[in-house]
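What follows is calculated from the coordinates using simple rules that are stated; it is not laboratory data. Just so we're clear, the structure is a prediction, and the values are computed from it rather than from any experiment. Glycine also receives a Cβ, built like all others from the backbone with ideal geometry; neighbour counts cover every protein chain displayed.
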Amino acid sequence: MALVTAWRYVARVELVDLDELVALGIRCLLLDRDNTIVPRDTKRAPESVRAWIGRAHELGLTVCFVSNNFHSKQVAANAAEFDAGCVDHAMKPFPFAVRHALRKMGVSADEAVLIGDQVYTDICAGNLAGVRTILVRPQCRRELWYTYIFRAFEALLLRGKTYEGE
């Protein structure tokens, strides 16, 4: 699998088919927080995402946030809200935090999937750690200034990709 290629492309995180993941032997969801679970312009996940994570728990999936966010209290608060583990200051695209999350959650790489909204952080980190990756569209267009630069390069990579649910 190429470093910048996701296993799947899905329009929104809540459209990821949890039943299918469970059938494939996935036991743990590693989730990027900002603009994947929580829109960048708010501090709270939308109700549809909250319901999706609730369904994940009903299916027996464990959840862990793997976030580059340096606001540890915010990440921890969101993780606690969802009965999830968390790893902040992840420094994605480096795979170390993803591997740490796997150990923390007690699963192997083939039992986890990393879901995120950025190719050069989330998808690269997941691929380097050996987990399946799902790229979703960001929840809002408001970004950190440097993310706009990455998005321009992502647009070139993603040209012609189709996303499930669009």
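Which trypsin sites (Lys or Arg not before Pro) from the stretch 37-77 combine a DSSP loop assignment with at most 13 other Cβ atoms within 10 Å?
LYS43, ARG44
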Fill in the blank from the handout: Note on the stretch 8-158: alpha-carbon gyration tensor, axes a ≥ b ≥ c; rule is a/c under 1.5 for rounded, else prolate if a/b larger than b/c, else oblate; result rounded
Exercise for the section: With springs only between Cα atoms under 10 Å apart, run a GNM on the chain and tell me which of ARG27, ARG12, ARG103 wobbles the most. Expected result: ARG103
Problem - Structure-based [θ]222 nm, the chain - -39500 (n - 2.57) summed over DSSP H runs of at least 4, per residue, nearest 500 - result: -10000 deg cm²/dmol
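Longer than 28 Å from Cα to Cα, which of LYS43/LYS161; LYS43/LYS104; LYS92/LYS161 are they? Say none if no pair is. Please list the in-between numbers first.
Numbers: LYS43/LYS161 30 Å; LYS43/LYS104 25 Å; LYS92/LYS161 23 Å.
Exceeds cut-off: LYS43/LYS161.
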